[in-house]
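Have a look at the structure below, then the notes.
The values are calculated or read from the model by the stated rules, or taken from the named source; none is laboratory data. What you are looking at is a predicted structure, and each value in this text was computed from that prediction instead of being measured. Heads up, the Cβs are rebuilt from the backbone with ideal geometry, glycines too, and the neighbour counts pull from every protein chain shown. We work out accessible area using only protein heavy atoms, side chains counted, and drop any ligands, DNA or RNA first. Shrake-Rupley method; radii C 1.70, N 1.55, O 1.52, S 1.80 Å.
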Amino acid sequence: QVQLVESGGGLVQAGGSLRLSCAASRGIFSNYAMGWFRQAPGKEREFVAAISWNGGYTTYSDAVRGRFTISRDNDKKTLSLQANSLKSEDTAVYYCAASGRYNSLTARVADYWGQGTQVTVSS
């Protein structure tokens, strides 16, 4: 079983940047495709980005493509999300997740989820 812990959230002004991290423990991190999701108050959880087990494939939602970058370090068992040019609509709780199937992540299906980290963008 993989345990995931997010960090790096906070309050940032519109146009600013944040780097979110997700640390994995237990399990074999490199066995999993990884993804970032977010959920704003009153809204459903939405897909943000995904990365394949070796980093060779990435997928982004239309809302963040060109502004966010997902990456992973299998040796350190960490997943990252570099979020630039932040907008007020990026305000949400951000979750990382692990899946044995890359394509399931865009369908918001994952095997393991973290507890989330709050990102608040002030305008």
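For residues in segment 93-123 being in a strand (DSSP E or B) and open to solvent by 60 Å² or more (accessible area, probe 1.4 Å), which is farthest from Y32 (Cα to Cα)?
So in segment 93-123, the residues in a strand (DSSP E or B) come out as 93-99, 112-113, 117-122.
Still in the list and also open to solvent by 60 Å² or more (accessible area, probe 1.4 Å): 113, 118.
On the way: W113: 12, Q118: 24 Å.
Looking at residues that are in a strand (DSSP E or B) and open to solvent by 60 Å² or more (accessible area, probe 1.4 Å), I get Q118.
Taking the conditions exactly as written (surrounded by 14 or more Cβ atoms within 10 Å (Cβ to Cβ), over 13 Å from the mean Cα position of the chain (by Cα) and of a type in the set (D, E)), does D90 satisfy them or not? Let's see the steps before the verdict.
Values: surrounded by 14 or more Cβ atoms within 10 Å (Cβ to Cβ): yes; over 13 Å from the mean Cα position of the chain (by Cα): no; of a type in the set (D, E): yes.
When the stated conditions are applied, D90 does not pass them.
Within segment 1-87, which strands (runs of 3 or more DSSP E) (wholly inside it) include 2 or more residues that are more than 17 Å from V109 (Cβ to Cβ) and open to solvent by less than 30 Å² (accessible area, probe 1.4 Å)? Don't jump to the end; show me each part of the working.
Values: elements: 3-7, 10-13, 18-25, 33-39, 46-51, 58-60, 68-73, 78-83.
The strands (runs of 3 or more DSSP E) meeting that bar are 10-13, 18-25, 68-73, 78-83.
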